[in-house]
Structure formats: structure tokens, C-alpha cells
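Colleague: First the structure, then my questions, so here it is.
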Amino acid sequence: MVPTIRPLDANESDLIGAIVATAFAADAVNLWTFNGTAAMRPAFTSMARHCFLKYGFGHVTEDGKAGTLWLPPGAPKGYGLFAKAELAWSILRHGGFEGVRNAMALDRGLIKHFPSAPHYYLFAIAVDPSLQGSGVGSRLMKEALVRIDQDRMPAYLENSKEQNLAFYVKHGFRVLEKIIPAEGCPPMWLMWRDARS
């Protein structure tokens, strides 16, 4: 049975940071980016606190094992000076200079491809490995798509796993481009979902 899903509160960055870190612990792009798993939880927590829960929204299951982070059209996909310093320190402390270098290179590579047209941006849909394939991810996706379709807006995401392409296609996304966002980084698939009228 799929657990109850509710909106994330603005003060739940620790919760969603832990969920995303657990879900992406074996993800090749994130392992390369953060130079291992140790920096993932503090980095994702910082990103949620200073960007995605500050300017965006997300959903979480009541059991705290799955969640999402989104930015609406027009929201800044960036961080202030203090937030950048906190994020960099988290990565440096747990992922070393290689982690900081890789994270900066990935960010630069993705920014080059970021669509200019207004859209909803899915930063992460994260499901605990024990629940993957149970339908939780689809329920989480549908929670946001209701709002997106009511607003008649497109949506965009950067997928880091080839085996997840079918999941996103099922929800109306299509591949725009397969890229290597930075030298040494595994491939990513940039995906777009047209607005529904």
C-alpha cells in the first residue's frame, strides 16, 4: 500500500536532504559529483534549505522514505553568498577538493543546457531503495503534475539513470538530449514535458 503523501514544510530540509541522499547513494552521477556518499546528505539538505524549499515546493510520504523537490517558473535556481559558502564547505568537508571541483563542473555543465522558456523544474524525485517499484514514485510525480497541468506549464528535469527513462516517459516527458555535463561525469538525459492544455 502506498503511504500517504503530503506537502513538505519549509523547515523540513533535514528530512528531504536525508531522503534524497539515501535514494541517490548508488547513483553514478551523484557519486562522481560528491566524490562518494559522505557529502550527499549535508549538500542536499543545504540545497533544500536555501533554494528548493525557500523558493519552491515538494512532497513527502508520511513514512519519510520518499519525496520530491521542485521549483516553479520564475523561481531562482541559485543560492546567496552565505548559502554557497555553506554548500561548498559541506562538500569540501565530506568530499574533499575533488568533490567541490566536480560539483562546480556539473553545475556549469547543466546551466549551459537549462531551458530559457518558463517551466517547472524537478530537481529530485527520491524513493528509498526498499520502496522502488512500488508505485510511490508515480504517486509523488502525479501530486506535482496536477498543479503543473492546472497552470498549463511545461516541466523539465535532468535524469541521471538510463533505467529511469521509461518512468519519466510514462509521465509525459521526452528526452531532449543525452549529455556528458562535465569531463569524467557519467551521462545524463535532459527531459521535457510539454504543457497540457
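Colleague: With Gly172, Gly133 as the choices, which residue is part of a loop (DSSP other than H, G, I, E, B) and crowded, with 17+ Cβ neighbours inside 10 Å? Full working, then the answer.
Modeller: Details: Gly133 fails: crowded, with 17+ Cβ neighbours inside 10 Å.
Sole residue among the options that is part of a loop (DSSP other than H, G, I, E, B) and crowded, with 17+ Cβ neighbours inside 10 Å: Gly172.
Colleague: Evaluate the following for Thr61: is it of a type in the set (S, T, N, Q), touching a residue at least 24 places away in the same chain (Cβ under 8 Å) and closer than 27 Å to Arg152 by Cβ?
Modeller: Values: of a type in the set (S, T, N, Q): yes; touching a residue at least 24 places away in the same chain (Cβ under 8 Å): yes; closer than 27 Å to Arg152 by Cβ: no.
In short, no.
Colleague: Sticking with this one: Among Gly74, Gly64, which is under 25 Å from Ala38 (Cβ atoms), of a type in the set (Gly, Ala, Ser) and over 15 Å from the mean Cα position of the chain (by Cα)?
Modeller: Numbers: Gly74 fails: under 25 Å from Ala38 (Cβ atoms).
None of the others qualify; the one that does is Gly64.
Colleague: Return yes or no: is Lys161 under 16 Å from Phe24 (Cα atoms) and modelled with pLDDT of 95 or more? Explain how you work it out, then say what you get.
Modeller: Details: under 16 Å from Phe24 (Cα atoms): yes; modelled with pLDDT of 95 or more: yes.
The answer is yes for Lys161.
Colleague: Can you report the number of residues in the stretch 175-197 which are among the acidic types (Asp, Glu) and assigned to a strand (DSSP E or B)?
Modeller: Initially, the stretch 175-197 is screened for residues among the acidic types (Asp, Glu), giving 177, 183, 194.
If we keep only those that are assigned to a strand (DSSP E or B) as well, we get 177.
Number of matching residues: 1.
Colleague: Still on this model: Here's a check for you: in the stretch 109-122, which residue that is over 15 Å from Lys161 (Cβ atoms) and surrounded by 15 or more Cβ atoms within 10 Å (Cβ to Cβ) is nearest to the chain's Cα centre (by Cα)?
Modeller: Of the residues in the stretch 109-122, the ones over 15 Å from Lys161 (Cβ atoms) are 109-121.
Applying the additional criterion that residues be surrounded by 15 or more Cβ atoms within 10 Å (Cβ to Cβ) yields 109-110, 119-121.
Numbers: Gly109: 16, Leu110: 13, His119: 15, Tyr120: 12, Tyr121: 9 Å.
The residue in question is Tyr121.
Colleague: Kindly state which strands (runs of 3 or more DSSP E) lie completely within the stretch 1-117 and contain at least 2 residues that are small (Gly, Ala, Ser).
Modeller: Numbers: elements: 5-7, 59-61, 66-71.
Hits in the stretch 1-117: 66-71.
Colleague: Looking at (1) among the basic types (Lys, Arg); (2) at pLDDT 95 or above; (3) within 25 Å of Lys142 (Cβ to Cβ), which one does Arg41 not meet, given that it meets all the others?
Modeller: (3)
Colleague: Is there a residue in the stretch 87-107 that is farther than 20 Å from Thr61 by Cβ, surrounded by fewer than 17 Cβ atoms within 10 Å (Cβ to Cβ) and under 15 Å from the mean Cα position of the chain (by Cα)?
Modeller: Yes, there is a match, as at least one residue in the stretch 87-107 is farther than 20 Å from Thr61 by Cβ, surrounded by fewer than 17 Cβ atoms within 10 Å (Cβ to Cβ) and under 15 Å from the mean Cα position of the chain (by Cα).
Colleague: Another question, if that's okay. Are any residues in the stretch 1-17 surrounded by fewer than 19 Cβ atoms within 10 Å (Cβ to Cβ) and either out of contact with any strand residue (DSSP E or B) (no Cβ under 8 Å at 6 or more places or on another chain) or modelled with pLDDT under 95 (or both), and if so, which ones?
Modeller: Met1, Val2, Pro3, Thr4, Asp9, Ala10, Asn11, Asp14 - these are the residues of the stretch 1-17 that are surrounded by fewer than 19 Cβ atoms within 10 Å (Cβ to Cβ) and either out of contact with any strand residue (DSSP E or B) (no Cβ under 8 Å at 6 or more places or on another chain) or modelled with pLDDT under 95 (or both).
Colleague: Would you point out which residue out of Thr33, Thr61 is at pLDDT 95 or above, over 26 Å from Lys142 (Cβ atoms) and crowded, with 20+ Cβ neighbours inside 10 Å? Step through it out loud before you land on a result.
Modeller: On the way: Thr61 fails: over 26 Å from Lys142 (Cβ atoms).
Only one candidate passes the filter, namely Thr33.
The values are calculated or read from the model by the stated rules, or taken from the named source; none is laboratory data. Nothing here was measured: the structure is a model prediction, and the numbers come from that model. Note that we place each Cβ from the backbone using ideal geometry, even for glycine, and neighbour counts take in every protein chain shown.
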